[in-house]
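First up is the structure itself, then whatever we jot down about it.
The values are calculated or read from the model by the stated rules, or taken from the named source; none is laboratory data. Everything quoted here is computed from the prediction, not taken from an experiment. Using ideal geometry, Cβ is built from the backbone for each residue, glycine included, and neighbour counts are taken over all protein chains shown.
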Amino acid sequence: MNPFPTVDRRTWIGASLAALCLPAARAQADYPNKPIRMVVTFPPGGSADAVVRLITPRLNDKLGQQVLVDNRPGAGGNIGMTLVAKAPPDGYTLGVGAAGALAANVSLYPQMPFDPLKDLKAVAMLAAIPFVIVGHPSIAARNQRELIALARSRPGGLALAHGGNGTAMHLSAQLLAQMADVKFTEVPYKGSGPAALDVLAGQVPLGMVDLPAALAQIRAGKLVAFAVTSPQRLAQLPDVPTVAESGLPGYDSTGWFGVVAPAGTPQAIVNRLSGEIGAALNDEAVRNTLRALGVEPSPSTPEAFEAIIRSETAKWAKVIRTANIKLD
């Protein structure tokens, strides 16, 4: 006689699966129960770092745990993002990356240590940073049409500073050159700030820099602003036209950065993080502070941020292929 009661096979399988799922469900329900590491792929003091440090106190309060900022710059963001891609998918390691590491690098580098679309999971957009084409006041142009005419009269001879090879500023300059059918002598710098400073000093006549690096000098009349790269004019510079309305319709290039997690991170955790990040960015004091710096807070759902990453990946692949840009 069988001493154990007979159990229907389907019932046994269902009970077994439920038992296996209990630890994962409990872990998600308890999330977070320890500090969260936020790997920022930029050095301290930059725009992305400033945004993260501005919202982390609010995240600490809402999540009940410390969000610890870990700056890991280098290799166009690949160093920091590799750490995130290879971390356990439990919500305790997150990454902050921009268009380079999350969209353009797959076309720039012959070998990538991770696949942004397969090894990372979009959590939320953080902010957008428009770029602005600036020039030293001595340059013989006062608007974009005059600037393009000047560049065409000096093929390859008009120097343009940008924030570094492979950066969104570099690619924005390439997109401008391709659409306007001009060539620039590109001068890469380690960041937008140094590039803007050399344009200000007259070392380089022209620059493609982010708005925070140039806003004060534009307002002071020490730099000429030819156009902004965003699809709409900026509230901070309402009299400066866009590239698109200045003779290159369809031009649109805005810097951005956002939060990602390792692929496989439970959707419930991703949704929780996305919601708390959005709430922090929608705080009026946070929004006012960021806009004063020239940064536009841009919270999003995970799905919307993933769509942006996919769209930007395809867009910059075409620009990079046309310009034949390769990085080691």
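Structure notes:
- Hits in the range 130-143 (condition: surrounded by 22 or more Cβ atoms within 10 Å (Cβ to Cβ) and either in contact with a helix residue (DSSP H, G or I) (Cβ under 6 Å, 6 or more places away or on another chain) or of a type in the set (Lys, Arg) (or both)): 130, 131, 132, 134
- Unique residue being acidic (Asp, Glu) and buried (at least 22 other Cβ atoms within 10 Å of the Cβ) when the list is 210, 181: 210
- Taken over the range 192-203, the criterion of being closer than 18 Å to residue 100 by Cβ and surrounded by fewer than 23 Cβ atoms within 10 Å (Cβ to Cβ) is satisfied by 193, 194.
- Some residue of the range 40-61 being of a type in the set (Phe, Trp, Tyr), in contact (Cβ under 8 Å) with a residue 40 or more places away in the chain and either within 19 Å of residue 272 (Cα to Cα) or outside the structural domain of residue 315 (by TED's automatic domain parsing) (or both): no
- Any hit, the range 289-299, residues being charged (D, E, K, R), free of Cβ contacts under 8 Å to residues at least 24 places away in the same chain, farther than 30 Å from residue 90 by Cβ and out of contact with any Gly (no Cβ under 8 Å at 6 or more places or on another chain): no
- Considering (1) under 15 Å from the mean Cα position of the chain (by Cα); (2) closer than 21 Å to residue 170 by Cα, the lone condition that residue 38 does not fulfil carries the number (2).
- Odd one out for residue 197, checked against (1) assigned to a helix (DSSP H, G or I); (2) within 26 Å of residue 249 (Cβ to Cβ): (2)
- Assessment of the range 69-79 against the conditions (over 30 Å from residue 29 (Cβ atoms), surrounded by fewer than 21 Cβ atoms within 10 Å (Cβ to Cβ) and touching a Lys or Arg at 6+ places or on another chain (Cβ under 9 Å)) yields at least one matching residue.
- Residue match in the range 204-214 (condition: farther than 29 Å from residue 102 by Cα and modelled with pLDDT under 95): no
- Residues that are assigned to a loop (DSSP other than H, G, I, E, B), under 16 Å from the mean Cα position of the chain (by Cα) and polar (S, T, N, Q), drawn from the range 119-176: 165, 167
- Residues that are surrounded by fewer than 22 Cβ atoms within 10 Å (Cβ to Cβ) and either aromatic (Phe, Trp, Tyr) or assigned to a helix (DSSP H, G or I) (or both) within the range 216-238 comprise 216, 217, 218, 219, listed in sequence order.
Residue-by-condition table, conditions (1) closer than 26 Å to residue 73 by Cβ; (2) in the same structural domain as residue 74 (by TED's automatic domain parsing); (3) in contact (Cβ under 8 Å) with a residue 24 or more places away in the chain:
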site	(1), (2), (3)
136	no, no, yes
171	yes, no, yes
174	yes, no, yes
188	yes, no, yes
193	yes, no, no
212	yes, no, yes
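- Annotation note: of 312, 296, 303, the sole residue that is under 19 Å from residue 99 (Cβ atoms), touching a Pro at 6+ places or on another chain (Cβ under 9 Å) and assigned by TED's automatic domain parsing to the domain that holds residue 51 is 296.
- Any chance residue 30 is surrounded by 18 or more Cβ atoms within 10 Å (Cβ to Cβ) and among the charged types (D, E, K, R): no
- The residues of the range 281-309 that are surrounded by 14 or more Cβ atoms within 10 Å (Cβ to Cβ) and in a helix (DSSP H, G or I), listed by number, are 281, 286, 287, 289, 290, 291, 302, 304, 305, 306, 308, 309.
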